[in-house]
Structure formats: structure tokens, C-alpha cells
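Peer 1: Here it is: the structure, laid out below.
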Amino acid sequence: MKDTHKHKGMRNNLAEIVAAKGVTDKKVLEAIKTIPRHLFLDSGFEDHAYQDKAFPIGADQTISQPYTVAFQSELLEVKPNAKILEIGTGSGYQTAVLLHLRAKVYTIERQLELFKTTRLFFNKMHYRPKKMIFGDGYKGLPEEAPFDGIIVTAGAPEVPRPLLSQLKVGGRLVIPVGVDEQIMTLFERKSEKEFEKKEFGSFRFVPLLEDKN
Ligand code: SAH
């Protein structure tokens, strides 16, 4: 598959839709205009790529809705060179947005097939996260902590404690919390012991699964 003027036009349109829903961060909207989302889907589903919808990517998982990706990215307030941990690599689209925002990205995926497919795709596209990890994001990534930001792209029944403890003071955790439906939740670490919590609208994600072994 190629990236053409037609795709570029559809992306500009998608960015307008996302902006109309309330996303104002120019860099995030620029990322939507730039990243060829159709290449993150299996060929044949190209027509779906620039609608503001989630879409199946195999292994019972979905690529998040563009608005959701944009909203979470905006809440994360990514600064250039920020060290960001992403839980739930999936198709890699959110990862690509973070890279576009010039973050140093560490991303974890627990589905082996998706992990492998996305790793190959990233090599082909020359997308360069700092690390792609196959494993359970519930535990975070203690060996690389602390992080300026942590973003969870699956619905968490509860907030994994390790993620809060792996934030820098001043760092932000953006996580959808809930079982059937999730409330987008932002935790800002104010000091070693204090976190400020803010809640935003409701969303629907595939579940964040904990590996019990
Ligand atoms: N950011 C992705 C979202 C994919 S859906 C995208 O836009 O494509 C959420 C992903 O989280 C799925 O790929 C799922 O396998 C993964 N996931 C669920 N629980 C996880 C866990 N405990 N650790 C890491 N990844 C997890």
C-alpha cells in the first residue's frame, strides 16, 4: 500500500473532525494529519482508516478511535524528548503519534502475534521507539522508570499501582478506568506521595489483562 494525496486529504479531514470534537493541541492534530493510519490496518480495510472509528486489528484487539488517541495524547502533554511508557502497543498507531511528538517511547504489548507484526511494521516504516517489549504492562517497566508520562491504551479495571510509582514528580498517567465502560482518568504526581486525579468523559476500550504468572 502507498500513501497518496488522496490519503493526505482524508487525514486533513479526519484532523478537522477530531478538532471539532474538542482537541486543540496543534502538535497532536499535526500528527493526525501526518501519520498514514491506513498503513496500520490490513490492506482491504483502507476505506475505514480515515473514519473516526476504532477498528479490529486481529487477536481480538482494536486500533483505538483517532479521537481517543488524540484526546489521550493531549492529556499526556508530551514535551520533546519526554520519556513515555505506553501500555498496549497494538497496531502501533498511538506509538507513532507519540514518536511524532518527539517522545522517547517505551511500549509494551502482551499479545505475541501483534507484538511481532507491529515490530516488523515499525522496522519497515523506520519508526523508532526506544524499546518494544513483549510482556505484561500491569507491572510497568521498573528498569526504565521514572517516566515523564505513562499512557494506557486498554481499559483498566483498576489503576495498577506500579504505574503510579513509576512516574516522575510532575509526571502524568493517562488511563481509562472501568470494566464495561471506562472513565478517562489523569493522575498528576505532585510530590513523592501526592497525586492529583482528574476525570474526563467515558470511553470504550478492550480490557487491560493481567498476566497472573
Ligand atoms: N494503542 C493501540 C491500542 C490497541 S488495543 C492502537 O491504537 O492500536 C489495546 C492493546 O493493549 C491490545 O493490543 C492488547 O493486547 C494490549 N494489552 C492488554 N492488556 C495488556 C497488558 N497487561 N500489557 C500490555 N498490553 C496489554
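The values are calculated or read from the model by the stated rules, or taken from the named source; none is laboratory data. Just so it is clear, the structure is predicted and the values come from calculations on it, not from any experiment. Neighbour counts run over all protein chains shown; Cβ positions are idealised from the backbone, glycine included. Note: areas computed on protein heavy atoms with side chains; ligands, DNA, RNA excluded. Shrake-Rupley method; radii C 1.70, N 1.55, O 1.52, S 1.80 Å.
Peer 1: Rounded, prolate or oblate: which fits the stretch 1-91, taking a ≥ b ≥ c as square roots of the Cα gyration tensor eigenvalues, rounded meaning a/c under 1.5, else prolate when a/b beats b/c? Provide the component values of the computation, followed by the final result.
Peer 2: Numbers: a/c = 1.70, a/b = 1.20, b/c = 1.41.
It is oblate, given that a/c is not under 1.5 and a/b is not larger than b/c.
Peer 1: Using the Cα centre of the stretch 54-203 as origin and beta-carbon charges of +1 (Lys, Arg) and -1 (Asp, Glu), tell me which of 187, 160, 76 is placed farthest towards the positive end of the dipole.
Peer 2: Selected residue: 76.
Peer 1: Could you work out [θ]222 nm for the chain from helices alone, using -39500 (n - 2.57) per DSSP H run of at least four and dividing by all its residues? Round to the nearest 500 deg cm²/dmol.
Peer 2: Numbers: 6 runs with 63 residues, N = 213.
Per the formula, -9000 deg cm²/dmol.
Peer 1: Related question: Using the alpha-carbon centroid of each, what span in Å lies between the stretch 13-37 and the stretch 99-154?
Peer 2: Answer, in whole Å: 22.
Peer 1: With every protein chain left in place and a probe of 1.4 Å, what is the accessible surface of residue 30, to the nearest 10 Å²?
Peer 2: Counting only protein heavy atoms, the figure is 90 Å².
Peer 1: Across bins of 5 angstrom width beginning at 0, how are the C-alpha pair distances of the chain distributed, in whole percent?
Peer 2: 1, 7, 16, 21, 22, 17, 9, 4, 1, 0, 0
Peer 1: Report, for the chain, the % of DSSP beta bridges that are antiparallel, rounded to 5. Before the final figure, lay out the partial values.
Peer 2: Numbers: 16 of 35 bridges.
If I count the DSSP bridges inside the chain, around 45 percent turn out antiparallel.
Peer 1: On a straight-distance basis, which aspartates and glutamates could pair with residue 197 in a cross-link, Cα separation under 12 angstrom, same-chain partners fewer than 8 positions away excluded?
Peer 2: Residue 197 reaches 188.
Peer 1: If you don't mind, another one. How much FRET efficiency would the formula 1/(1 + (r/R0)^6) give for residue 194 and residue 20, where r is the Cβ-Cβ distance and R0 is 35 Å, rounded to 0.05? Each step should come with its number before you reach the end.
Peer 2: Values: r = 36 Å, r/R0 = 1.03.
Efficiency, rounded to the nearest 0.05: 0.45.
Peer 1: For the chain, give the magnitude of the charge dipole about the Cα centre (Cβ charges: +1 Lys/Arg, -1 Asp/Glu; no others), in debye to the nearest 20.
Peer 2: On the way: 32 positive and 28 negative charges, 166 e Å.
Once rounded to the nearest 20, the dipole reads 800 debye.
Peer 1: Report the local net charge at residue 144: Lys and Arg +1, Asp and Glu -1, summed over other residues whose C-beta lies under 9 Å from its C-beta.
Peer 2: Working: positive: 83, 130, 131; negative: 143.
My count for the surroundings of residue 144 gives +2.
Peer 1: I would also like to ask the following. When N is the residue count of the stretch 102-166, what does its C-alpha Rg come to as a fraction of 2.2 N^0.38 Å?
Peer 2: Numbers: Rg = 12.4 Å, N = 65, 2.2 N^0.38 = 10.7 Å.
So the Cα radius of gyration is 1.16 times the expected 2.2 N^0.38 Å.
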